[in-house]
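Notes to accompany the following structure.
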């Protein structure tokens, strides 16, 4: 009978390195993906962050914003994106829309005119310096290829969009076992020192009226499709839940429900998602959030009174527009 | 370099065009706050403008053909406060007294040298191209690499 080889790490071996880290005050590395609410999301080496949500909730928009903004904020960061549904040019179209503020439709159908020139120019100048540090996995979309690509590109961050469509190596009895195995591998990727950001599909659940739906009321940790291993393997789990009423401009409030936080206290985030430009931004106070004026912080009583006083005052003659030609 | 657009800092992306007060997605004539309140006249950066033409005339123009130098100057003259110039090649040809084909070659040479960036490519249906002028060539901006680096 074959004896299995023992495989452990003695605490004594770990202790010295750990003690140094504690006593020198070296904090863990995190890759920031924004400011305000977004800064609370911990993405970094050794961490697996899982994001789920119903179709159309903005999962891909969110992770791509997170990756691009992390690249903008961390000059040495390198990221690898494995998106099984969208080719790189489509993902870049979306980032161009977000950075320029021009509707995605206008960009997608290449209906740009001279009035867009300045915004496009500036957004291109923002994206272009990142291109050396961002790569996209080409088919086949499986974990072996992702691992080889991440090694080849020397990626610090890996994005998988979405998990249930990226099979692990080997034969597996069913989908559930395959997803379990995928999560095991992702845990190993993280332990090797990369940040892993995973998008996962969720299944329909019963809402409060007993109907099968993607309603936010019913979404929880058990909603991740195929496997409970996803929730155990991840360090942080979020589910994006859009509000049902949108504003005049199509922006909606999206709550990122923080369902699991291995290292911190779980705290939901309220963001605003403008689908026309594929942009998540910090929402105003969720209690007073107004979909028609998203992103605008609520004013105090005195500020509102002052603002309305200014609004009633006609502009001075000297403020009138002058022709742009008169240099 | 003067006039070169800078990368947008995180969190300072421009507001969506469809939310701007004029609603049609065009750049407003005046600087406005998020809620559409006028914030006064836009700052005129004439100093930048003269720095551009001074650098061009002092360091660059001498190495260009007459047509290329004049084309650059006309586009600099036509540059709007947003930093871009929209002048048709036919108009350029008329104003510098050259053939349209000469202007076409001059524009291509300026683009190749890094003195002109095409920020919007025009056509018969889309109207004239939009350009951004730059005063120095790529070689002048990027110092030669040391053989020891």
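Values in this text are rule-based calculations from the coordinates and carry no lab data. Keep in mind the model is a prediction, meaning the values are calculated, not measured. Please note: Cβ atoms are built from the backbone with ideal geometry, for glycine as well, and neighbour counts cover all protein chains shown.
Summary of values
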item	result
Separation of the residue A:35 and residue B:112 label points, Cα + 7 Å toward Cβ, nm	4.5
Label point 7 Å beyond Cα of residue A:171 along Cβ direction - residues of the stretch A:131-145 with amide nitrogen under 19 Å	A:143-144
Residues residue A:131 and residue B:12, FRET efficiency given R0 of 25 Å [Cβ-Cβ distance, rounded to 0.05]	0.75
Global form of the stretch A:110-184, assessed from the alpha-carbon gyration tensor, a/c cut-off 1.5	prolate
Potential extension, residue A:154-residue A:124 segment - 0.36 nm per residue separation minus Cα distance	8.3 nm
Volume of the Cα convex hull of the stretch B:46-141, divided per residue and given in Å³	90
Residue B:65 paired with residue A:110, simple spin-label distance in nm, labels 7 Å along Cα-to-beta-carbon	2.9
Separation between Cα centres of the stretch A:1-72 and the stretch A:177-197, rounded to whole Å	11
